[in-house]
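Have a look at the structure below, then the notes.
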Amino acid sequence: MKLVRDARASGITVPLMLMGYYNPMLQYGEKRMVQDARAAGANGFIVVDLPPEEAVHFRNLCVSESLSFIPLVAPSTVNDRLAHLATIADSFIYVASRMGTTGARGSLEDDLPEYLARIRELTKDIPLAVGFGISTKEHVDIVGKNADGAVIGSRIITTIEANNTPETRAAAVKAYISEVVGGRKVTPLSLDEYKKVSETKLLSTLAKDNTQYKGQFGEFGGQYVPEAMHDCLKELVKGFEDATNSEEFWEEFRSYYPYMNRPSNLHEAPRLTEYAGGAKIWLKREDLNHTGSHKINNALGQCLIAKRLGKKNVIAETGAGQHGVATATVCAKFGLKCTVFMGAEDVRRQGLNVFRMKMLGADVVPVESGSKTLRDAVNEALRFWVTNLSTTHYIIGSAIGPHPYPLIVKTFQSVIGKEAREQFMKLNNGALPDAVVACVGGGSNCVGMFSGFEHDPSVKLLGVEAGGDGMHTEKHSATLTRGQKGVLHGVMTYVLQDKDGQVQETHSVSAGLDYPAVGPELSNWKDTGRAEFTTADDAQAMLGFKLITQLEGIMPALESAHAVHGALELAKTMKPEENVIICLSGRGDKDVHSVAETLPKLGPKIGWDLRFEGSL
């Protein structure tokens, strides 16, 4: 805001638009943002991940302050949607010249003139400004044949960075702009002219709320995505609904149960029960599934949908590697090309799963940006997907992402809860358990397990988040415990972030829980009180790992070890005639290296003096 105020104070009279992502604006306060922008002298907003369907409230605030809300279009925008976007444009339309991310390019897309002509035909006299990759006079000349303006960002920034003083920077930018516009001079508005124009009411109408998707969970969920992804998500919604409304699809899905090793077992854990000294503990053994975790349920279901959509390429993100292995496995079975994005830090600590994915024929792409963990893998997978939408299906592994992904993941993971409910009732004369416990990262195993009991108020639902180095530190992944409402990876949910809406770095001994957000349905369960959430720090998770390994002869994934610890603490407070089920989401062979590496630090805290002699 200060930059805008300073610009206006210096006499600048050109229109100024504020461009960015939605979450920082949400944290600032939407009403406050619009009012402060108006007071500072801004003329409108370009919010790249706030499509009209999600922008109803924000756009109406803009209308109330006579600020423009600029719609965006992309090469994937179909004609019907173009016509709709034209109806809400009150100043101009921002046209992305190509799919993918912004940045200077050496050349423009060959079909850009035809693309712009199509937009012009449907938007009539509405001014068009073209961005993404514009950097030279040749680019501006090409764009100028069918549009009214060009948006240049990256090249101006590199020009500024190449100069050391304010004076030389200003001169260099002025020279560059003069070059790309062919030396044309523009007479800016006078202060009086600008004041008159800025006080003119925009011809905008209030928008109506039409954002209630089937996958909306209270105030959480949605599709906070760039325009380029809209049509692909619409295709996925239809493909998912057509599939899940077809008994033929479900028969095919269930035909793979022997391959997946379903149903997974449910049995008592007598020595854990004895250790806790309270409620009887049961284990739902998703670790015995093919590939060693619950991830196969969702990966196989989504692969079947990808086949129905005619997509030959599949991408996935992975943290601990379990989702990557499951996706690579089903792609091998169905003959689909598989690419898995994985944070470089997770590649290091989950080397066994990386090798498994490669043996299965998948390409594994280490992501070096950010914290080099799951969040960054999701970022990179989304960047790749948006440039390959027509040929590629993205199998998101957790209950995150824009609609319909949280609903898709819940649908295929709900088999866990359905089985557990039926199995327990059969073994206990029709009675229900008193509590169900699962670990929480993004939430796939948790939402799957809880879904079987969400409508049974007598059953306590307890999610266990990663407490990392402890809740007295900032090094944890306890989103539902410490997060705030926000938007990340296309969905409104709880997010670990600072006051400016910048996502915080996370930490967990478990790669699969090292994520700064959570599925929207879990956020809704938290707010409605249907589920409760607690934490287990790294040492407590390691204790849970030790106890179930040495008392039951079951080596769990470190993710599941968090649930083990949380369940033991809960069972201690319950009566012997009560029952607790733990969702054992994965097996721990993938984590042997991490345990050996971490025990010298955490072992003394939990009384586990174990040293590995040799190399892993």
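Indicate the gyration tensor shape class of the stretch 238-339 (rounded, prolate or oblate), computed on the Cα atoms with a ≥ b ≥ c the square roots of the eigenvalues: a/c under 1.5 is rounded; otherwise a/b larger than b/c is prolate and the rest oblate. Prolate, because a/c is 1.5 or more and a/b exceeds b/c.
For Asp363 and Asn428, calculate 0.36 nm times their separation in residues minus their Cα-Cα distance, and state this gained length in nm to one decimal.
Values: separation 65, 0.36 × 65 = 23.40 nm, distance 4.64 nm.
The Asp363-Asn428 span can extend by a further 18.8 nm.
Given a 1.4 angstrom probe, what's the average accessible area per residue across the chain, in square angstrom? Don't jump to the answer; show the numbers that get you there.
Numbers: 26000 Å² over 616 residues.
So the chain comes to 42 Å² accessible per residue, rounded to a whole number.
Checking the Cα-Cα distances for Lys418/Lys575; Lys124/Lys196; Lys333/Lys358; Lys460/Lys499; Lys284/Lys605 against a 23 Å cut-off, the pairs over it are Lys418/Lys575; Lys124/Lys196; Lys460/Lys499; Lys284/Lys605. Per-peptide packing, taken as the mean over residues of other Cβ atoms within 10 Å, places 180-188, 148-156, 493-501 in the sequence 493-501, 148-156, 180-188 from highest down. Restricting the chymotrypsin sites (Phe, Trp or Tyr not before Pro) of the stretch 423-473 to loop positions (DSSP other than H, G, I, E, B) with no more than 13 neighbouring Cβ atoms within 10 Å leaves nothing.
Taking only DSSP H segments of four or more residues, each worth -39500 (n - 2.57), what value at 222 nm results for the chain once the sum is divided by all its residues, to the nearest 500 deg cm²/dmol? Kindly include the intermediate steps, with their values, before the conclusion.
Details: 26 runs with 275 residues, N = 616.
The per-residue figure over the chain is -13500 deg cm²/dmol.
How much length is gained if the chain between Ala171 and Lys31 is pulled fully straight, taking 0.36 nm per residue apart and subtracting their Cα-Cα distance, in nm to one decimal?
Working: separation 140, 0.36 × 140 = 50.40 nm, distance 3.73 nm.
Taking 0.36 nm per residue and subtracting the Cα distance, the gain is 46.7 nm.
Based on the mean of other beta carbon atoms within 10 Å per residue, what is the order of 385-395, 167-177, most packed first?
Details: 385-395: 19.6, 167-177: 13.1.
The most tightly packed comes first, giving 385-395, 167-177.
Output the relative contact order of the chain, whole-number percent, from Cα pairs under 8 angstrom with separation of 6+ residues. Let's see the in-between values first.
Values: 1251 pairs, mean separation 81.3, N = 616.
Relative contact order of the chain: 13 percent.
Dividing the Cα convex hull volume of the chain by residue count, how many Å³ per residue is that? Spell out each step's value before the answer.
Numbers: hull volume 105.9 nm³, N = 616.
Hull volume normalised by residue count: 172 Å³.
Taking 21 Å as the straight-line reach from the Cα of Lys234, the lysines in range (excluding those fewer than 8 positions away in the same chain) are Lys208, Lys214, Lys307, Lys311, Lys312, Lys410. Each Lys and Arg contributes +1 and each Asp and Glu -1, all at the Cβ; summed about the Cα centre of the chain, the dipole is approximately 440 debye. Computed packing ranks the peptides 602-609, 290-297 as 290-297, 602-609, most packed first, by mean other Cβ atoms within 10 Å. Treating each Cα of the stretch 344-460 as an identical point scatterer and summing with the Debye formula, the log10 of I(q)/I(0) at q = 0.19, 0.20 Å⁻¹ comes to -1.07, -1.12.
When cysteine pairs in the chain are screened for C-beta atoms closer than 4.7 angstrom, the residues that find no partner are Cys62, Cys232, Cys303, Cys439, Cys446, Cys583. Its relative contact order, with pairs defined as Cα atoms under 8 Å and 6+ residues apart, puts the stretch 115-249 at 14 percent.
One Cα centroid belongs to the stretch 445-504, the other to the stretch 163-199; the line between them spans 47 Å.
Compute the length gained on full extension between Ala162 and His455: take 0.36 nm times their separation in residues and subtract their Cα-Cα distance, giving the result in nm to one decimal. Walk me through the numbers on the way to the answer.
Details: separation 293, 0.36 × 293 = 105.48 nm, distance 6.10 nm.
Full extension from Ala162 to His455 adds 99.4 nm.
Given a Förster distance of 45 angstrom, what is the FRET efficiency for Glu577 paired with Asp498, based on the Cβ-Cβ distance and rounded to 0.05? For Glu577 and Asp498, the calculated efficiency is 0.45.
Explain nothing, just the number: relative contact order of the stretch 26-153, from Cα pairs under 8 Å at least 6 residues apart, as a whole percent.
Details: 178 pairs, mean separation 25.3, N = 128.
That works out to 20 percent.
Here r is the Cβ-Cβ distance between Glu241 and Tyr21 and R0 is 30 Å; the resulting FRET efficiency, rounded to 0.05, is 0.55.
The values are calculated or read from the model by the stated rules, or taken from the named source; none is laboratory data. Values in this document were obtained by computation on a predicted structure and should not be read as measured data. Every residue, glycine as well, gets a Cβ built from its backbone with ideal geometry; the counts of neighbours run over all protein chains shown. Heads up: the accessible areas ignore ligands, DNA and RNA and are worked out on the full protein's heavy atoms, side chains in. Shrake-Rupley method; radii C 1.70, N 1.55, O 1.52, S 1.80 Å.
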